[in-house]
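Only one structure is covered here, and it is reproduced in the block below.
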Amino acid sequence: MNNLNHIAIIMDGNGRWAKKRGLPRSMGHKKGVEKVREIAIYANKLGIKCLTLYAFSTENWKRPEKEVNYLMSLPKIFFNKYLKELMKNNIKVTMIGDLNKIPLEAKNIFKDAIRQTSKNTGMILNFALNYGGQSEIVRACKQFAKDYKDGKIKTLNEKTFNNYLYTKDLPELDLMIRTSNEERISNFLLYQVAYSELVFVDTYWPDFTCTDLDKAIETYMNRNRRFGAVDEK
Ligand code: FPP
C-alpha cells in the first residue's frame, strides 16, 4: 500500500471554465475559491497530512493588472468566508513563496490565518503564493552558499539541501494533480516532485469534485512506486 501524506494540486482551468459559460475570468477564480474549501475539508477528513495548492505563480504577474488584482483579493474572500470552518476542522494554514511582492492586505490576511491556525493539528493547508520552483531552488542555493561561507554548514547533499527549501517542514510530496487536461509541471515544486506520482485530470478546477480526488488517489494507490529500485522477487 502506498503511503499518501502530501498531495499538491495545480488548480488549472478557472479561466476556461468561465469562458465556456460566457462569464468573466474572475468568476472562474471565484468558483475556484469555493473548490479550495470543499477539497481542503474533504482531504482533511481523508487523513491527508498536507495539501499544497498552487494559488499564484511567480509567472502570474504577467497577467493583465485587473486579473492580478482580483487574484490578490482571493485570500480575503477565502479567509473571511472560511477561516472559522478551517478552525472547526482543525486545519492548519501555511504558505510557501515570496511574500515580499504580495500586496499588504493579502499578506496580512495570510499572516493572520497562519497565526490563528498555528496550533491546529489536522491537515496542513499550504498555499503556494508568488511561488516558483526555479526561484525557490536559486534562493536555497544562495542561502546555502552564505551558510557555507560562514561555516554554518559543511555538507551539501540532497538531505541538507532540503533544509533550504520552503517545504523543509512538510512531508515528502507523494502525489501531484493537475486539472484542466494540461500535462505540465509549470514551475511547481520542481525539487520536491522528483519521485512523486503525477495525475492529470480533464476537469477544470471549478468542476473538480471530491469524487475526482478519490479517483486520483485510487490511481495513485494502484501505481507501483519503486523510487529507482526494482521490485522484490
Ligand atoms: C489557474 O487557472 C488558476 C489560478 C492562476 C488561480 C488559482 C487560485 C485559486 C483557485 C484560489 C486560490 C485561493 C486562495 C485562498 C489564495 P487559469 O486562470 O490559468 O485557467 P485557464 O488556463 O483556463 O485560463
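For LEU170, the test of being modelled with pLDDT of 95 or more, open to solvent by 20 Å² or more (accessible area, probe 1.4 Å) and not basic (Lys, Arg) is passed.
Scanning the range 207-233 for residues that are at pLDDT 95 or above and either exposed (fewer than 12 other Cβ atoms within 10 Å of the Cβ) or acidic (Asp, Glu) (or both) yields ASP207, THR211, ASP212, ASP214, GLU218. Being open to solvent by 70 Å² or more (accessible area, probe 1.4 Å), more than 11 Å from the ligand (Cβ to nearest atom) and either touching a residue at least 60 places away in the same chain (Cβ under 8 Å) or in contact with a Lys or Arg (Cβ under 6 Å, 6 or more places away or on another chain) (or both) holds for only one residue in LEU46, LEU104, and it is LEU46.
Counted as qualifying within the range 1-117 are the helices (runs of 4 or more DSSP H) with 1 or more residues that are touching a strand residue (DSSP E or B) at 6+ places or on another chain (Cβ under 9 Å) and aromatic (Phe, Trp, Tyr), namely 65-88, 104-116.
Only one of the numbered conditions (1) open to solvent by 20 Å² or more (accessible area, probe 1.4 Å); (2) within 7 Å of the ligand (Cβ to nearest atom) is violated by LEU53, and that is (1). Being open to solvent by 60 Å² or more (accessible area, probe 1.4 Å), polar (S, T, N, Q) and more than 16 Å from the chain's Cα centre (by Cα) is a description that does not apply to ASN90. Consider SER57 carefully, then state whether it is closer than 14 Å to LEU129 by Cβ, small (Gly, Ala, Ser) and touching a residue at least 40 places away in the same chain (Cβ under 8 Å). The answer is yes for SER57.
In this structure, does ASN3 turn out to be within 18 Å of ILE177 (Cα to Cα) and open to solvent by 60 Å² or more (accessible area, probe 1.4 Å)?
yes
The values are calculated or read from the model by the stated rules, or taken from the named source; none is laboratory data. All values reported here derive from a predicted model rather than from experimental measurement. Here the Cβ is made from the backbone with ideal geometry for all residues, glycine too, and neighbour counts use every protein chain on show. Just the protein is used for accessible areas: all its heavy atoms, side chains included, with ligands, DNA and RNA removed. Shrake-Rupley method; radii C 1.70, N 1.55, O 1.52, S 1.80 Å.
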